[in-house]
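These notes are about the structure you will find just below.
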Amino acid sequence: MGNGLTQDDVNKLNDDQKSAVFDALITAAWADGSVTVAEMQLFQREVGKLDWGKSQQELMNMIDASKARLAALSDRDSIVAFIKGIAARVTDQGIRERVLYEMTLLMATDKKFDIGEQNVVGGFVRAFAISKERFDAITSG
């Protein structure tokens, strides 16, 4: 997982940015409409390997808050605004790229890349200002 988030990345983030990262990862996990056991395990492994400066309960609260924000999205415009909001909060380009890498890992656990997942990735690629060439390099690493 060499292209994923590092402890140095997390240490650079304030609480709002950490929340935005969780929003992005939860969005990736739910992009196809459901979360598989494998996706949940990978999420826990990837998030759990880093010290977020939070208790286990605070991390669970962050996950629940991300799920609630995602569930409140009702149409394409609200989803686009949500993704742009994440991009506005996570401004470090290197961290953006590592978040996108983690997102694609989550989406790849079921070996399918359905239209919902494609749309979510496309939205984040645009919001994070990542070129197709750079995206290909990130996801092939």
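Every number here is computed from the coordinates shown, using simple stated rules; none is lab data. Everything quoted here is computed from the prediction, not taken from an experiment. Cβ atoms come from the backbone with ideal geometry, glycine included; neighbour counts cover every protein chain shown.
Brief remarks follow.
- In segment 63-82, the residues that are in contact with an Asp or Glu (Cβ under 9 Å, 6 or more places away or on another chain) and of a type in the set (A, V, I, L, M): A65, L70
Yes or no, residue by residue, for (1) surrounded by fewer than 17 Cβ atoms within 10 Å (Cβ to Cβ); (2) within 15 Å of the chain's Cα centre (by Cα); (3) farther than 24 Å from D110 by Cα:
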position: Q7; (1), (2), (3): yes, no, yes
position: D15; (1), (2), (3): yes, no, yes
position: A31; (1), (2), (3): no, yes, no
position: V37; (1), (2), (3): yes, no, no
position: D51; (1), (2), (3): yes, no, yes
position: K54; (1), (2), (3): yes, no, yes
position: M60; (1), (2), (3): yes, no, no
position: A65; (1), (2), (3): yes, yes, yes
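- Flag if T91 is of a type in the set (S, T, Y) and under 17 Å from T139 (Cβ atoms): no
- From the list K54, K67, K112, the one residue that fits, being closer than 24 Å to D8 by Cβ and among the charged types (D, E, K, R), is K54.
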